[in-house]
Amino acid sequence: MKKERENFGSRAAVIMAMAGSAIGLGNIWRFPYMVGEYGGAAFIVVYIFASLLLALPIFFAESIIGRRSGANTFGAMETLAPRTRWKWLGLLTIVSPVIILSYYSVVGGWSVEYLFKALAFDFAAASDAEVTGFFGRFIASTWQPVVAHTVFLATVAGIVLAGVKKGIEKFTKATMPVLFVLIVLIAAYSLTLPGSRGGVDYLLRPDFSKLTPSVVAAAMGQAFFSLSLGVGTILTYASYMRKDENLLASGLGTAASDLFFAVLAGFAVVPAVFAAGLAPGAGPGLVFETLPYIFHKMGATLPWASAIIAIVFFLTILVAALTSAISMLEVGVAYLTEEKGMDRRAATWALTAFAWVVGVLCSLSFGPLSHVHLLGNPLFDFLDKLCSNWLLPLGGLLFTLFVGWKMPRADVYDEFTNGGTLRANLLLFPLVHFLIRYAAPVGIFVVFLTDLLL
Ligand code: PFF
């Protein structure tokens, strides 16, 4: 017997929860350093195209499958294509979000640690050498990052345990609007710093000679990661949507807020980096290494202002990471409770325990286990590459093929337009269906292949 399913309470709740999943470390930590590494504005242009032409169609595909079936990813495949090989897609998209959660939580833990450092005024008080060396020492140490990872993951589990409405909906609705205000304040501040102009130019003037197939593939992977696609998260959240919600509006609303947030985060981080005379290509350390240095420098003259901005900044990262991490955990919890009859508590703890163990190994891969390599990468990098470059695009590709080719067009039409009752959706349906059926799968495949061969 299937249990009664919970639903999100309102349209605002759906958009907040989906935006909460989308907006996360991908926007504040990953996007600015990818922009820095892959040549600035040209990367952003490709990223925007990838978001519109490839990511958004996957978003619609996942929402259509999720709401139509009203089930977890595995149950969705069994409902819409019973006893076919599509069940493997359902299973794949249960495993991949837990893998992401495990290493994501390590970075979530870093933001916990940095928030405490900011609260203790550490950035201003330390010497130059201490500040620049801190990140390297911290991630290479054994216990500190593991404890931080544990704190982060336990918080995630606590929110998921409370349920879809009382946990996820309540938390995202309370925090997402605050996040927007905070990131706008930080970006505005960053733009007032003397010397930030260079950063603005870097973000706005594209140099297309920097584009290579791997830059395009990285932009595509980033677009998928940022919108939480290809791993069943959006599918699962859409399964909690009521039948009268508008899939077009929630998709566009989520994608627009995600993009807006990423660009704001770019404007919060990159101009400050230029103002401090540092290079934007610092990689994953950009936010955790370069920004503390800026807070430190500022602290010499304005200790209070520097501490407050540092606190606000790391709090923003932490909350954004939490709202994303809960969505990763919910995918597996929905599966275990609905398909395996586990209660929510047991399902949540079982998956959290798995993510904790893998996360500990990822954390140690910066220190004691750094010599252990998988296909030439330490575990953390291996899993990040495996997920963003392979599992997400593969899952996304298969979701578009499923909706474009396996589901009857009439069902897709019915779901996307709420039985033909929504005008804008009716008008856009042929375009959306074309993007799902042809443009997105071909686009993903071509990017995959060129990256692999060139
Ligand atoms: N979209 C999240 C971010 O940008 O941080 C990351 C993410 C969340 C990826 C959920 C995958 C997922 F299922």
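The values are calculated or read from the model by the stated rules, or taken from the named source; none is laboratory data. Here the structure is a predicted model, which means the values were calculated and not measured. Neighbour counts are summed over all protein chains in view; Cβ atoms, including those assigned to glycine, are modelled from backbone coordinates with ideal geometry.
Looking only at residues that are outside any helix (DSSP H, G or I) and more than 9 Å from the ligand (Cβ to nearest atom) in the range 215-247, which one is surrounded by the most Cβ atoms within 10 Å (Cβ to Cβ)?
The residue in question is Y240.
Is it true that F261 is in contact with a Cys (Cβ under 9 Å, 6 or more places away or on another chain), assigned to a helix (DSSP H, G or I), in contact (Cβ under 8 Å) with a residue 24 or more places away in the chain and under 30 Å from A61 (Cα atoms)?
no
If A305 passes every condition in (1) touching a Ser or Thr at 6+ places or on another chain (Cβ under 9 Å); (2) modelled with pLDDT under 95; (3) away from the ligand (no atom under 16 Å from the Cβ) but one, which one does it miss?
Here A305 clears every test but (1).
Can you report the number of residues in the range 306-330 which are touching a Phe, Trp or Tyr at 6+ places or on another chain (Cβ under 9 Å) and over 17 Å from F116 (Cβ atoms)?
Residues meeting the conditions: 8.
Name the single residue, out of those in the range 18-37 being near the ligand (Cβ under 9 Å from one of its atoms), assigned to a helix (DSSP H, G or I) and among the aliphatic types (A, V, I, L, M), that is modelled with the lowest pLDDT.
I28
Exactly one of these conditions fails for T192: (1) closer than 26 Å to Y104 by Cα; (2) free of Cβ contacts under 8 Å to residues at least 24 places away in the same chain; (3) hydroxyl-bearing (S, T, Y). Give me its number.
T192 satisfies all of (1) closer than 26 Å to Y104 by Cα; (2) free of Cβ contacts under 8 Å to residues at least 24 places away in the same chain; (3) hydroxyl-bearing (S, T, Y) except (1).
Could you say whether any residue in the range 367-378 is buried (at least 17 other Cβ atoms within 10 Å of the Cβ) and part of a helix (DSSP H, G or I)?
No, every residue in the range 367-378 fails to be buried (at least 17 other Cβ atoms within 10 Å of the Cβ) and part of a helix (DSSP H, G or I).
Select the helices (runs of 4 or more DSSP H) contained entirely in the range 100-214, then report the ones holding at least 1 residues which are under 24 Å from the mean Cα position of the chain (by Cα).
Qualifying helices (runs of 4 or more DSSP H): 128-140, 143-161, 170-192, 197-204.
Could you list, ordered by first residue, the pairs with Cβ atoms under 6 Å in which the first is in the range 23-46 and closer than 19 Å to L204 by Cβ and the second is among the acidic types (D, E) and at pLDDT below 95, at least 6 apart or interchain?
What qualifies is A42/D207.
Identify, by number, the condition in (1) crowded, with 24+ Cβ neighbours inside 10 Å; (2) among the polar types (S, T, N, Q); (3) out of contact with any Gly (no Cβ under 7 Å at 6 or more places or on another chain) that S105 doesn't meet.
The failed condition is (3).
Look through the range 1-17, keep the residues that are more than 16 Å from the ligand (Cβ to nearest atom) and assigned to a helix (DSSP H, G or I), and return whichever of them is farthest from N72 (Cα to Cα).
Top of the filtered list is A12.
Touching a helix residue (DSSP H, G or I) at 6+ places or on another chain (Cβ under 7 Å) and part of a loop (DSSP other than H, G, I, E, B) - does that describe any residue in the range 329-336?
Looking for residues that are touching a helix residue (DSSP H, G or I) at 6+ places or on another chain (Cβ under 7 Å) and part of a loop (DSSP other than H, G, I, E, B), one finds none in the range 329-336, hence no.
Taking the options A19, A12, name whichever one is of a type in the set (G, A, S) and surrounded by 19 or more Cβ atoms within 10 Å (Cβ to Cβ).
When all the criteria are applied, what remains is A19.
Only one residue in N418, N389, N425 is buried (at least 18 other Cβ atoms within 10 Å of the Cβ) and away from the ligand (no atom under 16 Å from the Cβ), so which one is that?
After ruling out the rest, the residue left standing is N425.
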